[in-house]
1. From the list L122, L126, which residue is more than 23 Å from C51 (Cβ to Cβ), touching a residue at least 12 places away in the same chain (Cβ under 8 Å), among the aliphatic types (A, V, I, L, M) and in contact with a Leu (Cβ under 7 Å, 6 or more places away or on another chain)?
2. Residue under question is R131, and the condition is that it be more than 17 Å from C101 (Cα to Cα), at pLDDT 90 or above and not acidic (D, E); does it hold?
3. Can you tell me which residue within the range 56-101, out of those that are within 30 Å of Y138 (Cα to Cα) and β-branched (V, I, T), is farthest from the chain's Cα centre (by Cα)?
4. Look through the range 28-48, keep the residues that are at pLDDT below 85 and farther than 15 Å from M103 by Cβ, and return whichever of them is most open to solvent (accessible area, probe 1.4 Å).
5. Would you check if I171 is closer than 23 Å to G41 by Cβ and surrounded by fewer than 17 Cβ atoms within 10 Å (Cβ to Cβ)?
6. Could you count how many residues in the range 73-99 are surrounded by fewer than 18 Cβ atoms within 10 Å (Cβ to Cβ) and either assigned to a strand (DSSP E or B) or in contact with a Ser or Thr (Cβ under 8 Å, 6 or more places away or on another chain) (or both)?
7. Which condition number in (1) in contact with a strand residue (DSSP E or B) (Cβ under 9 Å, 6 or more places away or on another chain); (2) open to solvent by 50 Å² or more (accessible area, probe 1.4 Å); (3) of a type outside the set (A, V, I, L, M) is the one that E133 fails?
8. What number of residues within the range 36-65 are under 19 Å from T152 (Cα atoms) and either in a loop (DSSP other than H, G, I, E, B) or among the β-branched types (V, I, T) (or both)?
Amino acid sequence: MSVLARVLIVGAAVGLATMIAQHVRVRVQRDESGWKQFKPGFLIYFMLFGCASFVVLAGSALITSDPMQPDAQEQNFYALLVLIGFALAGAYPVWIAYGRCVMWKGSMILVRSWTGKERLFLISELVSVQRSEISEDYRLVFQSGETLRFSTNLRGATQFILDIEDYRDSIEHKDQASQTAT
């Protein structure tokens, strides 16, 4: 089978798996202490799988190439570029999924980086919630000026935004009820 045919087969399989993954959403469960945590979603796993597949494909093209062909050096150069490109592209979903841990419970949001540094945010200090359609991420801005960004492709992102809205609505209703009572 030619390299082009292998590329087309792998590309079609990854594309199909990605389309399916975008339509499948799974709710996040609480742990023993009540914290909910973002988990890598299916789309992130398929991005990792796709990048790894193309790295393997380009690596096999490099290993099995015939050095006696007239344009062997050029083919190997392009295969190496594809290998490096997809290896670097695979770093993005790894960072999204495993670069930090975002957890929430009630009115608290805890962010733990891969170095172990922790930051605690309160939903009551949240100034704005913005969603970017281009990069498919949410951006939360707090009163302190700090921002928290996370991908919509993480399991629990939609549930997290709904929990924030529910919490803010309940605070708003309590404020209105207390104003009405006075």
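The values are calculated or read from the model by the stated rules, or taken from the named source; none is laboratory data. Keep in mind it's a predicted model, so treat the numbers as computed, not measured. Neighbour counts are summed over all protein chains in view; Cβ atoms, including those assigned to glycine, are modelled from backbone coordinates with ideal geometry. For the accessible areas, the whole protein counts, side chains as well, though only heavy atoms, and no ligand, DNA or RNA atoms are used. Shrake-Rupley method; radii C 1.70, N 1.55, O 1.52, S 1.80 Å.
1. Details: L122 fails: in contact with a Leu (Cβ under 7 Å, 6 or more places away or on another chain).
After ruling out the rest, the residue left standing is L126.
2. Values: more than 17 Å from C101 (Cα to Cα): yes; at pLDDT 90 or above: yes; not acidic (D, E): yes.
Answer is yes for this residue.
3. In the first step, residues of the range 56-101 are kept if they are within 30 Å of Y138 (Cα to Cα); the result is 84-101.
With the extra rule that they be β-branched (V, I, T), the set shrinks to 84, 94, 96.
Numbers: I84: 21, V94: 8, I96: 4 Å.
In this case the residue turns out to be I84.
4. Y45
5. Numbers: closer than 23 Å to G41 by Cβ: no; surrounded by fewer than 17 Cβ atoms within 10 Å (Cβ to Cβ): yes.
Against the criterion (closer than 23 Å to G41 by Cβ and surrounded by fewer than 17 Cβ atoms within 10 Å (Cβ to Cβ)), I171 does not qualify.
6. 3
7. Unmet for E133, out of (1) in contact with a strand residue (DSSP E or B) (Cβ under 9 Å, 6 or more places away or on another chain); (2) open to solvent by 50 Å² or more (accessible area, probe 1.4 Å); (3) of a type outside the set (A, V, I, L, M): (1).
8. Adding up the residues that qualify gives 3.
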